[in-house]
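The values are calculated or read from the model by the stated rules, or taken from the named source; none is laboratory data. Please read all numbers here as calculations on a predicted model, not as lab measurements. Because the Cβ atoms are built from the backbone with ideal geometry, glycine has one as well, and the counts that use them run over all protein chains shown. Remember, those area values only see protein heavy atoms, side chains included, never the ligands or the DNA or RNA. Shrake-Rupley method; radii C 1.70, N 1.55, O 1.52, S 1.80 Å.
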Amino acid sequence: MSLLSTNENAETVHSEVGKTQRQAGTMIELHSVSKTYINSHHALFDVNLKINRGEFLFITGASGSGKSTLLKMLYGAELPTQGEVIVDDINVATLGSYHLSLLRRRMGIVFQDYKLIPQRTVAENVTFVLQAQGYTRKEIQRRLEPTLKLVGLLSKADRFPDQLSGGEQQRVSIARAIVGTPPLLLADEPTGNLDPDNSWQVIQIFQKLNSFGATVIITTHDEQLVRRCNYPVVQVKDGKLYRK
């Protein structure tokens, strides 16, 4: 059975993201963005970028090129030294901690190192954020099953992270990122620790979510994977951005 085989409930829950995302318009704009760290290292220099709603974009570049810094600026973990980072019509740098947390609720963020809680099961890791945001138990359960089905892990809902393979742990982190049906998905090297087969399974999940209407942005250094997908690509090189 295909990893992406899913019942009608999964289609219904996760297509919620498309209700707003399929509207025309711009999701992200970077205007003359530069980032310089205290040690005078120039991570990014005069970067301009526009990403439309519903787009699937790869950001490539060598390790240390600045692609992770760029992604972090989209969810406010880093702020630009100069320029503006606009996400969903909001200037991220102007937000206080409370309003930044509200903006992040409209994002799903996937990390290379999974960031799962070891003492919590798969189901608990996925629903932790929903609980913190005050979702009812009924709504959490409504979202949990189709989300786990979508990533092929329903049968392992009661397992702990150390009982899973690396590919399965990454799929848990994706489930956690998408269970709230955010319109924007950001993934920083999500296949960096995976073999080619697991990497392709992960990309297939993102493709499915993009088909529901989500805007997907993935950083990667895997050029072969990028060529296989045939989506738009920008490259970060020496702190500058180039369309490929």
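Over all other residues within a Cβ to Cβ distance under 12 Å of Cys229, the charged ones net out to 0, with Lys and Arg as +1 and Asp and Glu as -1. For the chain, the solvent-accessible area works out to 48 Å² per residue, with a probe of 1.4 Å and every protein chain left in place.
Residues within the reach of a label modelled at Glu223 (point 7 angstrom out along Cα to beta-carbon, backbone nitrogen below 18 Å), restricted to the stretch 61-79, are 61-67.
Just to be sure I understand: of the beta bridges DSSP finds with both ends in the stretch 114-244, what percent are antiparallel, rounded to 5? Could you put the intermediate results ahead of the total?
Values: 4 of 9 bridges.
Antiparallel bridges: around 45 percent, rounded to the nearest 5.
If I fit a long axis through the Cα atoms of helix 196-211 and take the longest principal axis of the Cα atoms of the chain, what angle between them do I get, 0 to 90°, rounded to 10? Between the helix axis and the principal axis of the chain, the angle is about 90 degrees. A protection proxy built from the mean count of other Cβ atoms within 10 Å ranks the segments 222-231, 54-63, most packed first, as 54-63, 222-231.
Among the lysines, which have Cα under 26 Å from the Cα of Lys237 when same-chain residues fewer than 8 positions away are ignored? Correct list for Lys237: Lys35, Lys50, Lys67, Lys72.
Rounded, prolate or oblate: which one fits the stretch 113-168, using the alpha carbon gyration tensor with axes a ≥ b ≥ c (rounded when a/c is under 1.5, else prolate when a/b beats b/c, else oblate)? Walk me through the intermediate numbers first.
Details: a/c = 2.20, a/b = 1.43, b/c = 1.54.
Because a/c hits 1.5 or more and a/b fails to exceed b/c, the stretch 113-168 counts as oblate.
Taking the DSSP beta bridges in the chain as the whole, what percent of them are antiparallel, to the nearest 5?
Details: 18 of 35 bridges.
Antiparallel: roughly 50 percent of the beta bridges in the chain.
Between Ile38 and Leu100, the FRET efficiency estimated from the beta carbon spacing at R0 = 22 angstrom works out to 0.50.
Here each label is just a point 7 Å from Cα along the line to Cβ, and for Ala132 and Glu84 those points are 3.0 nm apart.
Grab the other residues whose beta carbon is less than 11 angstrom from that of Asn91, score K and R as +1, D and E as -1, and report the net. Neighbourhood net charge equals -4.
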